[in-house]
Amino acid sequence: GDFYSLLSKLLGEREDVVHVHKHNPTEKAESDLVAEIANVVQKKDLAREITNHDERDNTILVRDRIHKFHRLESTLRPPENRLFSLQQPKHGEGSWEKEHTGDFHIEEAVEWPGLDLKLGQVSGLALDPENNLVIFHRGDHVWDENSFDSKFVYQQRGLGPIEQNTILVLNPSDAKLLHSMGKSLFYLPHGLSIDKNGNYWVTDVALHQVFKLGADDKEPLLILGAALQPGSDRNHFCQPTDVAVDPITGSIYVSDGYCNSRIIQFSPNGLYVMQWGEETSSGGARPGQFHIPHSLALIPDFSQLCVADRENGRIQCFRLETGEFIREIKHKSFGRELFAVSYVPGGLLFAVNGMPYPGEAEPVQGFVMNFSTGEIIDTFIPLRKSFEMPHDVVASEDKTVFVGDVHARAVWKFASTEKMEHRSVKKAGIEVQEIKETIVEARLKNNPESTDPLKKQEKQHLVRQASTGVSFVLITTLLIIPVVVLLAILVFIRWRKTTVYGADGEHKLDSSSARILGRLRGKGGGGLNLGNFFASHKGYSRKGFDRLSTEGSDQEKDEDDGTDSEEECSAPPPPPAPSSS
C-alpha cells in the first residue's frame, strides 16, 4: 500500500486514488503486485486479454500508473495541464486504451532536409518495422485529365511503366536514402502500407491492382485484381486507393476506390471474404456510404478500421470482423475533403484535409485527434513551403508525423514540441534554446510582424549571458585574492628569516635593521627583550635567558615552519648585508 501511495504522490494523484489492492490487501500479496508491475514494464504488454472482471479493473489501474510514470520519466519538465483518460471498449472491441489530450502541439521539424528531395507526385507514405520512412511516388508520370477515359481505362499505356525507383526508404532523422526499389513495375502509384513483417502493400490506380512486395524482392509476392481492367466484382478493382493489413489475423482490407465505393476484405492468402459500403445517396451521406474511400487506418486494439471518406469530408470507423458501422468523426474545420488518416497506438488519430473550395475559408492543414472522443487536440501546417494537396499522412508512436503532398511533390516532417525539447536537453541544455529559435525564425518568414518579440528574446538571452560572465569573473576574483595574500605573507616570512639570521642561526642585524624590525614589531628601537618583560615579576631570574630568547624559539620555528614555507613559495635569499665593525 505504501508503494502505491508513493507512486500516486509522484504522479500528482490524490491519496485516495491508488490501487484497489491497497484497500483489499488480502486479495493479492504486495509482492505479487510488484512482480505484476515488473512484468508489464518489461514486456510492455499493455493489450493482453484479461478474463476476470475484477482482475481487469485492477490491472488497468496498474497499467495507467506505469504509463504515467514512463511519461514523467521520459520528459524533463512534463506539462502540468496534460490530461489522461481511459476509454472502455465495448465487448469484443479489444483492450483498454489510454487517451491523452491537453497541451499537445505539433511543429514542423525545420532542420529536416527531406523537404529538398527531388520526387515525383508523392502518393503514399508508411513507416517500416525499423521506423524508417518509406515513400511511394510517381517518378516522371503524372495523373491528369488525359490519364483515363470515361470508363476509367488508362489511356497512357504507351508511356510504359515508370523507369525510376518508385519506393524509397529513408532514414527518418537525416533523410538519407537507405534503399530503393519499384522500377518498371507501376504506372500510377497510389496507396502504401507496410505489415508487421516488413512487406510493402501498394495500389496502382492505372493498373487497378494491389501488390504485395518483399523489401528485397523485385517481383511481387501477391497480386490482386486484373491488370489495366477496371471492374466491380470480386476479382476486379476500379482505381483502388489504399491497403491495410491486420497484424493479428493477417486479413487484408482494400479501399476501392475512385469509381467503386466499397471496402473489400481478403484472407491472408488473397481470397475474397466480404465487402461493405455503397455510393453516397443524393439526400446526403449516411453511415456506410462512401464518396471515394481514400485512406485506411487499422486500429487493432479496438478491432476497428477507420476510412477517410474523402469527398464527404469525414472519417468512418467500422468493426473489423463484420464491417458494422461504429461511428463517424466529422468537423467543420475538415472542410469538404479529408484525404488521409493515420492511427498511433496510445489513442491519437492524425488526418489531413484538402484545399478549400472557392468562397470557403477552411484552410488545408493537418489534424491531431483523440481517437475515443474524436475531438481535435491540435492542428498543424508547414513553416517551409505550403500544403497544396496533402495526399497521405503517417505517424509513429513517438509522435513524429510525415505528410506527403502530391502537388507540391514534397514530404514534411513534424514533431511534438515536447519531444524536440526533450531530445535537446539530453544532448546539451543550450540546444533547447537553439531549436526554439529555429522555429521562431521559420515563423518569421510567414509573419514579419513578430520581429519585436524575437528582439526582446534575443536581448534577454544576451542579458543572461552577460550576467553569467559577471558571476564567473566575480567568483574567480574572490578565489584568487586569498591565494595571492597567502603567497605574499609566505614570501615576506621567508625574506625576514633569511635577512635576520645567518646560516648558523646567529643574530646578524645591524642597528638600523634592528630599528626597522622593531617598528614592525611595535617597538620604537631595538628588538623585543623578554628579559626586561619578565624582570618586573616576582621571583624572576635573568640568568641564561637573554640568549635563549633569540636562539631557541626562533630556531625551532625555522625547523618547524621552514620546510612548509619553502614548498609553498621559495624565493632566492637576498645578498648578505655588509658587516658592521
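The values are calculated or read from the model by the stated rules, or taken from the named source; none is laboratory data. What you see is a predicted model; the values in this text were computed from it and never measured. Heads up, the Cβs are rebuilt from the backbone with ideal geometry, glycines too, and the neighbour counts pull from every protein chain shown. Heads up: the accessible areas ignore ligands, DNA and RNA and are worked out on the full protein's heavy atoms, side chains in. Shrake-Rupley method; radii C 1.70, N 1.55, O 1.52, S 1.80 Å.
Odds and ends about this structure:
- Here Arg286, Arg327 are screened, and the one residue that is part of a strand (DSSP E or B), over 23 Å from Pro189 (Cα atoms) and modelled with pLDDT of 95 or more is Arg327.
- Residue in segment 272-283 that is in a strand (DSSP E or B), small (Gly, Ala, Ser), modelled with pLDDT under 95 and at positive phi present: no
- Count of residues meeting criterion [in contact (Cβ under 8 Å) with a residue 60 or more places away in the chain and assigned to a loop (DSSP other than H, G, I, E, B)] in segment 369-380: 4
- Count - residues of segment 342-364 that are closer than 30 Å to Val245 by Cβ and surrounded by fewer than 19 Cβ atoms within 10 Å (Cβ to Cβ): 2
- From the list Pro268, Pro247, the one residue that fits, being surrounded by fewer than 21 Cβ atoms within 10 Å (Cβ to Cβ) and without any contact (Cβ under 8 Å) to a residue 40 or more places away in the chain, is Pro268.
- Lone qualifier among Cys259, Cys306, Cys317 - being open to solvent by less than 30 Å² (accessible area, probe 1.4 Å), at pLDDT 95 or above, closer than 28 Å to Ala206 by Cβ and assigned to a strand (DSSP E or B): Cys306
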